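I have placed the structure first, in the form of structure tokens, so that the comments after it can refer back to it.
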Amino acid sequence: MTEIVLTIDGKEVKARAGMTVLQAAQQEGIYIPTLCHHEKLEAFGGCRLCMVEVEARGWTSYVVSCVYPVAKDIVVRTRSEKVDKIRKVLVEELMAHAPDSPELIRMAEEYGADRDRFERSASFCIVCGLCVRYCNEVKQKNAVGFIDNGARREISFIPEVARKECWDCQECFAICPTSYAQAAYLLTEALAFPGQRKEAVKVKKAPKPKRVIPIMPAPVTT
Amino acid sequence: MPKLQSAAELEKFRAELLAKRDPAKPCIAVCAGAACDGMDSAAVAAAFLAEAATQKLDGKLEIRTTGCHGYCEKGPNVVVTPGDICYFEVQPTDVPEIIAATLKGEVVERLVYKDPATGAKAVHMSEVPFYKHQTRLLIGDNPKIDPMRIDDYFAVGGYAGLVKALTTMTPEQVLAEVKKANLRGRGGGGFPAGSKWETTRNAPEKTKYVIVNGHEGESAAFMDRAMLTGNPHKILEGLIIGAYAIGAQKGFMYTRHDMPLLEKHVRQALAQATEYGLLGENILGSGFNFECELHFDVGIFVSGESSALMRSIEGNAPEPRPKYIRTSVNGIWDKPSNLNNVETWANVPQIISKGAEWFTSIGSEKSKGTKLISLSGNVVNSGIVEVPMGTPLRTLVFDIGGGVRDGKTLKAIHFGGAMGGSIPADLIDAPLDFDGMSKLGAPIGAGGLLLMDEDTDMIEVARYLMDFLVNESCGKCVPCREGMQQMLQILTRLTEGQGRKGDLELLEDLIEVTGVASLCALGKTSGDPLKSMFRYFKPEYESRIVSSAGGSDNK
Ligand SMILES: Cc1cc2nc3c(=O)[nH]c(=O)nc-3n(C[C@H](O)[C@H](O)[C@H](O)COP(=O)(O)O)c2cc1C
Ligand code: SF4
Ligand code: SF4
Ligand code: FES
Ligand code: FES
């Protein structure tokens with residue numbers, strides 16, 4: 001495997017070709033905040049919180065580290081005035097939906113985000129897509145999907161599938177950063193198939209995601 | 001019709017076709033383009049056919065329904081050849097008179113163009129102010145072509161570029177010619193088409209695709225659909241030539257799902273091209289194989305973005321890919337895929353048949369050829385216009401567009417739809433040029449030009465464009481989805497007189513972050529209209545805050 005040397009936050013870092021900047025950083029214990037990233041899932045590049053500054057051949061650009069591949073001699077800065085500002089505003093935008101998400105609260109502290117900067121929005125889903133992608137890529141059930149586009153985009157459980165598949169899984173509840181996945185499921189159940197869930201199984205109290213290092217959503221406990 | 005096996009067979013077929021056509025025989029071309037159709041040009045066409053049948057005029061006169069002529073404002077449009085006599089706002093009741101005059105070689109004076117100021121009449125297309133300042137290399141054939149008949153395209157010299165490319169040039173030579181012509185993409189970015197072709201050509205993967213971007217989602221842009229509906233073979237010819245240069249075996253036409261006439265014409269064009277052997281195996285005996293498939297968009301603006309479009313062709317939701325790769329190398333199904341706009345492809349046949357030197361003699365220093373512009377808004381003459389790059393906006397707006405409607409004064413010119421920008425009237429002498437207009441903050445984008453008069457509320461314009469984007473984005477990434485919603489809320493408040501102190505600073509923060517952090521160009525440029533307005537119309541925004549924070553003139 002070709003070894004690639006790059007610089008992250010002033011530190012010389014070795015990485016394998018094909019790795020992302022995020023992976024290279026994590027491997028060195030360098031923290032980059034993430035929200036929509038999950039190591040079992042394909043890169044999504046939706047939340048943009050993992051954005052870093054990259055200098056390559058004299059050009060500075062802003063890229064999402066969970067997707068951007070390592071390259072020889074690039075210089076990565078995981079924090080800068082601009083990077084911090086981006087993260088601050090993104091967190092503020094997300095807090096208009098989910099002001100009580102522990103993950104967002106932690107990031108808000110780090111980047112000085114004001115949770116009340118933007119008007120509160122009705123839905124507390126931040127459309128990170130973890131539930132949708134987990135159900136699709138890991139469980140391959142597609143019980144929950146995205147519907148609509150643009151500002152109207154939301155997640156939705158598909159009653160016909162959820163009725164059959166969700167009662168003994170519910171793994172997405174734990175990876176959801178806002179507990180909306182569980183709420184949406186329960187609502188779907190109440191409306192579409194009340195009482196039809198397997199009698200014996202109680203809704204598992206969704207364990208709050210356990211985060212050892214605040215780098216990525218904790219691995220799912222089954 | 002048996003397949004044309006060689007270039008010679010095609011030229012022989014063309015010669016026979018032309019020999020059968022008498023140039024002196026009058027032809028009445030009725031526009032069936034979208035605008036004229038909206039004014040029931042179908043009834044006019046039907047009336048012509050009925051009258052011709054009743055009078056048994058079969059041998060004496062031809063009636064043709066065509067795509068958009070350009071002067072949409074004055075539809076239903078009718079053009080009579082020889083002479084290119086233009087009749088405007090034609091009603092079915094005018095039909096017998098037009099036929100009678102045409103048969104006698106006369107003109108129906110009351111239906112020709114009359115100058116609104118002087119009353120001076122203009123009979124021929126070359127005298128009508130709207131047309132006479134134009135250089136109609138691409139759209140000029142529309143009145144001569146019934147898009148359902150490939151013969152009409154042959155008759156205007158169609159597929160001569162393809163013949164030349166396949167029989168006298170190597171793919172490398174075709175590529176070199178397009179590079180030399182400095183043809184720049186007409187879909188918004190102005191990226192050199194030749195370099196892009198070369199990237200796809202040089203990509204190691206053997207399977208390659210070429211694609212026509214006919215989505216045309218930009219608000220106030222309507223020329224691509226006019227080209228595709230009115231002259232589909234021109235785009236197809238460009239695509240086949242491009243595929244030959246690039247080494248692609250398959251092409252896709254990606255276009256609007258909501259235009260039945262466009263679909264009908266493109267389907268027919270593909271079927272006829274296949275029947276004549278211009279698509280399929282061993283095209284004109286050259287050994288080159290190429291097929292083309294028609295695909296429809298999903299109706300949201302972001303489907304026009306290159307990676308989203310390619311995902312859509314693959315059968316997925318039109319979401320831009322987060323990957324830092326180029327679609328020209330990793331496109332449809334990860335194969336090298338070259339995407340160009342309708343108008344970019346339409347330029348290719350003439351570059352090959354007339355040469356790069358001819359092409360570069362038209363236009364400005366860095367932007368060559370002509371550009372199709374959709375004129376709309378508070379303009380006297382709305383329609384589709386084609387002028388050489390470098391033409392001053394003044395010519396577009398006043399000489400061609402006839403100026404501002406209802407005698408009002410011009411306030412601003414907006415280019416490029418929701419990802420474009422507005423410039424004030426005093427920049428009217430700026431030349432139409434990719435780089436120059438970008439520097440001014442109003443990149444030409446696809447070419448939708450919107451005129452705004454003195455009564456225009458610039459905040460409402462920004463709100464309207466933002467509202468469009470909020471509904472037409474994919475909603476995948478946070479800065480675009482959330483940032484635009486927040487901008488929209490603030491703008492809405494401003495238009496309602498509820499502006500607060502700090503709103504403009506908040507907008508500036510949102511423009512900055514959305515601009516740098518968004519995944520695709522939709523989000524990245526969503527703040528551009530606002531940015532241009534902050535550059536040129538800031539006092540208008542500021543006054544709104546003052547007045548709404550307790551001033552007396554709240555509306
Ligand atoms: C949101 C968005 C919408 C777009 N819509 C179109 C479109 O409708 N037609 C088009 O030709 N290009 C569109 N583009 C540009 C394409 O991504 C691409 O650059 C273009 O088709 C390339 O062709 P060209 O180089 O010939 O201009 C769009 C880009 C974005 C970001
Ligand atoms: S429900 Fe939770 S996991 Fe799913 S998209 Fe919303 S915030 Fe993300
Ligand atoms: S910038 Fe907007 S349209 Fe583009 S990927 Fe992000 S949400 Fe979708
Ligand atoms: S975009 Fe990288 S973690 Fe969300
Ligand atoms: S549609 Fe008839 S002139 Fe444009």
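The values are calculated or read from the model by the stated rules, or taken from the named source; none is laboratory data. Because the structure is a prediction, the values reported are computed rather than measured. Every residue, glycine among them, receives a Cβ derived from its backbone with ideal geometry; neighbour counts consider all protein chains shown.
Odds and ends about this structure:
- Selected residue (criterion: farthest from B:L510 (Cα to Cα)) from residues of region A:85-108 that are crowded, with 20+ Cβ neighbours inside 10 Å and among the β-branched types (V, I, T): A:V91
- A single member of B:L451, B:L432, B:L396 is out of contact with any His (no Cβ under 9 Å at 6 or more places or on another chain) and crowded, with 21+ Cβ neighbours inside 10 Å, and it is B:L432.
- Any hit, region B:7-20, residues being assigned to a loop (DSSP other than H, G, I, E, B), in contact (Cβ under 8 Å) with a residue 24 or more places away in the chain and touching a helix residue (DSSP H, G or I) at 6+ places or on another chain (Cβ under 9 Å): no
- Qualifying residue in region A:152-174 (condition: crowded, with 16+ Cβ neighbours inside 10 Å, within 13 Å of chain B (Cβ to nearest Cβ) and either within 16 Å of ligand 1 (Cβ to nearest atom) or of a type in the set (D, E) (or both)): yes
- Breaking point among (1) within 16 Å of ligand 3 (Cβ to nearest atom); (2) assigned to a helix (DSSP H, G or I); (3) β-branched (V, I, T), for B:I241: (1)
- Sole exception among (1) of a type in the set (V, I, T); (2) more than 10 Å from the chain's Cα centre (by Cα); (3) within 14 Å of another protein chain (Cβ to nearest Cβ) for A:T34, by number: (2)
- One residue stands out in region B:309-338 among those that are at pLDDT 95 or above and polar (S, T, N, Q): the one that is surrounded by the fewest Cβ atoms within 10 Å (Cβ to Cβ), namely B:N330.
- If the condition is being without any contact (Cβ under 8 Å) to a residue 40 or more places away in the chain and charged (D, E, K, R), then region A:60-99 contributes A:E81, A:K82, A:D84, A:K85, A:K88, A:E92, A:E93.
- Among the candidates B:G523, B:G475, B:G515, residue that is more than 22 Å from A:D148 (Cβ to Cβ) and not charged (D, E, K, R): B:G515
- Of all residues in region B:458-473, at least one satisfies being away from ligand 4 (no atom under 16 Å from the Cβ), over 28 Å from A:A122 (Cα atoms), surrounded by 15 or more Cβ atoms within 10 Å (Cβ to Cβ) and touching a residue at least 40 places away in the same chain (Cβ under 8 Å).
- Tally of residues being facing chain B (nearest Cβ under 8 Å) and in a strand (DSSP E or B) across region A:62-94: 4
- Failed item in (1) assigned to a helix (DSSP H, G or I); (2) within 30 Å of B:A117 (Cα to Cα), with B:F468 passing the rest: (2)
- Summed over region B:497-506, residues that are in contact (Cβ under 8 Å) with a residue 24 or more places away in the chain and on the phi < 0 side of the Ramachandran plot total 6.
- Residues in region B:212-229 include at least one that is away from ligand 3 (no atom under 16 Å from the Cβ), over 20 Å from B:R64 (Cβ atoms) and of a type in the set (V, I, T).
- Identity of the residue in region A:114-133, within 16 Å of ligand 4 (Cβ to nearest atom) and in a loop (DSSP other than H, G, I, E, B), that ends up farthest from the other protein chains (Cβ to nearest Cβ): A:C125
- Subset of region A:37-61 that is more than 12 Å from chain B (Cβ to nearest Cβ) and in a strand (DSSP E or B) - its residue that is surrounded by the most Cβ atoms within 10 Å (Cβ to Cβ): A:E55
- Enumeration of residues in region B:117-133 that are assigned to a loop (DSSP other than H, G, I, E, B), under 30 Å from B:K264 (Cβ atoms) and in contact with a helix residue (DSSP H, G or I) (Cβ under 9 Å, 6 or more places away or on another chain): none
- Filtering A:Y134, A:Y111 for residues that are buried (at least 19 other Cβ atoms within 10 Å of the Cβ) and either in contact (Cβ under 8 Å) with a residue 60 or more places away in the chain or over 26 Å from B:I490 (Cβ atoms) (or both) leaves a single hit, A:Y134.
- Criterion: polar (S, T, N, Q) and either in contact with an Asp or Glu (Cβ under 7 Å, 6 or more places away or on another chain) or within 16 Å of ligand 4 (Cβ to nearest atom) (or both) - qualifying residue of B:S303, B:S286: B:S303
- The residues of region A:146-168 that are touching a Cys at 6+ places or on another chain (Cβ under 8 Å) and either modelled with pLDDT of 95 or more or within 12 Å of ligand 2 (Cβ to nearest atom) (or both), listed by number, are A:R153, A:E154, A:I155, A:F157.
- Restricting region A:138-151 to residues that are aliphatic (A, V, I, L, M) and surrounded by fewer than 17 Cβ atoms within 10 Å (Cβ to Cβ), the residue that is nearest to the other protein chains (Cβ to nearest Cβ): A:I147
- Single match in A:G29, A:G45 (criterion: within 16 Å of ligand 1 (Cβ to nearest atom) and under 28 Å from A:V138 (Cα atoms)): A:G45
Every residue, every condition in (1) modelled with pLDDT under 95; (2) touching a Gly at 6+ places or on another chain (Cβ under 8 Å); (3) not in a loop (DSSP other than H, G, I, E, B), yes or no:
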site	(1), (2), (3)
B:T135	no, no, no
B:D146	no, no, no
B:Y153	no, no, yes
B:V163	no, no, yes
B:L166	no, no, yes
B:N182	no, yes, no
B:G189	yes, no, no
B:G194	no, no, yes
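- Tallying residues that are touching a helix residue (DSSP H, G or I) at 6+ places or on another chain (Cβ under 7 Å), away from ligand 4 (no atom under 16 Å from the Cβ) and either at the interface with chain A (Cβ under 9 Å from one of its Cβ atoms) or under 19 Å from A:V64 (Cα atoms) (or both) within region B:505-520 yields 5.
- Hey, B:E305 among the acidic types (D, E) and more than 25 Å from B:M148 (Cβ to Cβ) or not: yes
- Matching residues in region B:301-320 - criterion: being out of contact with any strand residue (DSSP E or B) (no Cβ under 8 Å at 6 or more places or on another chain) and away from chain A (no Cβ under 14 Å): B:E314, B:G315
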